[in-house]
1. Which net charge results for the neighbourhood of B:S287, defined as the other residues with beta-carbon distances under 10 angstrom from its beta-carbon, given Lys and Arg at +1 and Asp and Glu at -1?
2. Whole-Å semi-axes of the range A:138-216's equivalent ellipsoid, largest first, each the root of 5 times a Cα gyration tensor eigenvalue?
3. Mean projection of the alpha-carbon convex hull of the range A:1-103 over all orientations, in nm²?
4. Where does each of A:K7, A:K175, B:K106 land when they are ranked from fewest to most other beta-carbon atoms within 10 angstrom?
5. Efficiency by 1/(1 + (r/R0)^6): what FRET value for A:R119 and B:K46, r their Cβ-Cβ distance, R0 = 51 Å, to the nearest 0.05?
6. Taking the Cα centre of the protein assembly as shown as origin, sum charge times position over the Cβ atoms of Lys and Arg (+1) and Asp and Glu (-1), and report the length of that vector in debye to the nearest 20.
7. Magnitude of the Cβ-charge dipole of the range A:91-232, K/R +1 and D/E -1, about the Cα centre, nearest 20 debye?
8. Output the relative contact order of chain B, whole-number percent, from Cα pairs under 8 angstrom with separation of 6+ residues.
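No lab work stands behind these numbers, since they all come straight from the coordinates. Since this is a predicted model, take the numbers as computed values, not measurements. Counting neighbours? That spans all protein chains shown, and the Cβs are built from the backbone with ideal geometry, glycine included.
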Amino acid sequence: MKLLQIKNLTIEVEGKKILNGLDLEIKSEEIHALLGPNASGKSTLAKVIMGFPPYKVLDGNILFKGKDIKKDKIEDRAKKGIALAFQNPPAVSGITLSQLLNKMSKKEEGIINEDIINRDLNVNLSGGEKKISELMQVFALKPKLLILDEIDSGLDIKKRQEMFKLISEIVKKNKMSVLIITHQGEILEYLKPDVINVIIDGKIMCQSNDSKKVLETIKKYGYVKCKNCKKL
Amino acid sequence: MSNARIAKSCKPDFLQIDNEIKNIAKKKEVVIMPSSEAWESLEWTKQYFKSKPKGGYFIWVKEQVDFPLSTCINIASGNIEQDLQNLMIVEKGIKAKANVLCASLKNNLSGTHKARGRLILKEGSSLQYNHVHKWGEKDNVMPDYEFILEKGSSLVYNYTNFFPPKNLEIKNKIICLDNSYSQLNFSVNGINSKIDINEEVVLEGKDSQNVSRLRLVGRKNSIINAYSSIIAKNKSKGHIECNSLMVDKESKIVSIPKLDCESRDAQLTHEASIGKVSEEQLNYLRSRGLTEKEAIDLVITGFLKI
C-alpha cells in the first residue's frame with residue numbers, strides 16, 4: 001500500500017524555489033533514506049510533509065493514505081499518523097517533557113529517560129538528550145510515517161549505535177514507514193533502507209535499492225555523480 | 001479545578017465568605033482572629049490598621065510553626081463588596097509559610113474585593129507568602145499590600161493570577177531594613193482585563209537585597225500597565241526582571257521598570273522584554289498533535305512559571 005505519494009512538488013520560500021518538481025513514494029513499512037548535500041532541500045521536505053509554514057506550494061500534490069493533505073493543519077497531519085523528529089527542536093521553558101506527553105495524552109513507547117522527562121523541554125539538554133527527547137515524543141505518537149531529520153548528528157559512536165538499535169526495534173515492532181534524513185551512512189547499517197534517495201537542488205536525482213553502492217559512490221565522488229545518475 | 005471546588009477542598013485556618021467569617025482555626029503557636037477583633041482587644045495593633053477594620057484577618061505567628069498557615073477569602077454572592085484589612089505579624093526568628101487564596105466562586109458575580117494588607121516580618125524571621133487570586137470575569141479587585149522586613153528577615157512573595165477579574169489594581173510596597181532579603185515572583189495572565197500593577201521596593205537598610213520577577217501575559221483585549229521600581233537608600237542590591245508575552249493583536253502591555261538610586265554603594269539592575277508567542281514553539285507543539293490553542297496555553301503556562 002502506498003502511504004506517502006509526493007508528485008511534482010514545487011515549493012517556494014520568499015520567492016526562492018527550494019523544492020523543484022520533487023517526486024517521492026513511500027509504501028507501508030518501507031524504509032527510505034534521503035541523502036543530499038547541504039541546502040539541497042532535505043529538511044525543507046520534512047517540514048513541508050509536516051505542514052510547516054512559510055513554505056508555499058506552487059505545484060504538485062502530497063497524498064497520505066491516498067488523500068491530499070496539502071491543506072491540512074500541522075496537528076491534523078500528526079493525528080493522521082505523520083511524526084517528525086526535529087534536528088534542532090526549540091526550547092520551551094517552564095514545560096517539562098512529561099507535561100507535554102500528558103497533554104498529548106500519550107505514553108512514551110520503548111524509550112524512557114527519567115532524567116529528561118522531568119526537565120524543561122529542550123532547555124539545557126545536550127545534543128544526545130535532545131535526540132532522546134525527540135524519539136520519546138515521536139514514538140509516543142505511534143506514527144504510520146516517521147521522519148527522522150539528522151537524528152544521528154551530535155552523538156558519540158556508542159550512543160549513536162544504541163539509539164539506532166532501539167529505533168530499529170521500535171520501527172519493526174510498530175510496522176512504521178520511515179524517512180531517514182542523514183548526512184552519515186551509519187544509521188543505514190541498522191535501519192537497512194529499502195530505498196535510498198539522493199536529493200540535489202530540490203529534486204530527487206537518484207533512487208536505488210542498493211544503499212551500500214550509493215554510499216560508496218558518494219564517498220568516492222561526492223554528489224556530482226548522483227546528479228548524472230540515470231536510475232530514475 | 002473550578003472555583004467552587006477549590007473552596008470546598010480548602011480547609012483554611014481563616015475562612016471568610018462574602019462578608020461573613022466562617023472558620024477560624026485555633027493554634028497553639030499562632031493567634032488568628034478577625035481584624036476587627038484585634039482592633040478591639042489588642043491595642044497595639046491599631047498602629048498597623050488604617051481605620052477600624054470591617055473584615056479580614058489578623059494572624060500573629062508567635063512561635064515556630066511546622067505547618068503552612070492558610071487563609072481563604074471568597075466571594076460567593078452577586079454584587080458583594082469586600083473591604084478587608086489583613087495584618088500578619090511574624091515574630092523574631094520564626095520561619096513561616098502562608099498559602100493565601102482570594103477567589104470568586106462563580107464567574108459572573110460582579111464582586112468587589114478591596115484588601116489592604118500589612119505584613120510585618122520581625123528581626124531574623126522569614127516568610128514564604130503564596131498568594132493566589134482566582135476571579136470571575138466581572139469582578140473588580142484592588143489589593144494594596146505593604147511588607148515591612150525588619151533586620152535580617154526574608155520574604156518570598158509568590159503571586160499568581162491565572163484567572164483575572166475585569167479590573168485589577170495591585171499595589172505592593174516592600175520596605176527592606178538592614179540585611180533583609182525580598183524576592184517577588186509575580187505571574188499574571190491577563191484575559192480581557194484591565195490590569196494595573198504598581199510595585200515599589202525600598203531598600204532602606206544596609207546590605208538589603210531584592211529580586212523582583214514579573215511575568216505578564218496579555219490575551220483577549222487586555223490592557224496591562226506594570227510599574228515596578230526599586231529605590232536604594234543605602235548600600236544594597238536590587239534587580240527587576242519584567243517579561244511580557246502578547247498573545248493577541250488587540251492587547252496592550254506597558255512595562256516600566258524603574259531604578260532609583262540614592263546611594264553610591266547600591267547596585268541596581270533591570271531587564272525587560274515584551275514579545276509574542278514564538279511561532280517556532282507553536283509549530284513544534286502542534287506537530288505533536290496539539291491544537292493551536294492548546295499549544296498557546298502550554299507555552300503560556302511555561303512562561304508564567306517562575
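1. Numbers: positive: A:K47, A:R77, B:R286, B:R288; negative: A:E75.
Here the count lands on +3.
2. Values: eigenvalues 86, 49, 30 Å².
Whole-Å semi-axes of the equivalent ellipsoid: 21, 16, 12.
3. Numbers: hull surface 31.3 nm².
With the hull built on Cα positions only, its mean projection is 7.8 nm².
4. Working: A:K7 14, A:K175 9, B:K106 17.
Fewest-to-most ranking of A:K7, A:K175, B:K106: A:K175, A:K7, B:K106.
5. Details: r = 51 Å, r/R0 = 1.01.
Calculated value: 0.50.
6. Numbers: 85 positive and 67 negative charges, 331 e Å.
For the protein assembly as shown, the charge dipole is close to 1600 debye.
7. Numbers: 25 positive and 19 negative charges, 143 e Å.
Computed about the Cα centre, the dipole is about 680 debye.
8. Details: 930 pairs, mean separation 30.6, N = 306.
Computed value for chain B: 10 percent relative contact order.
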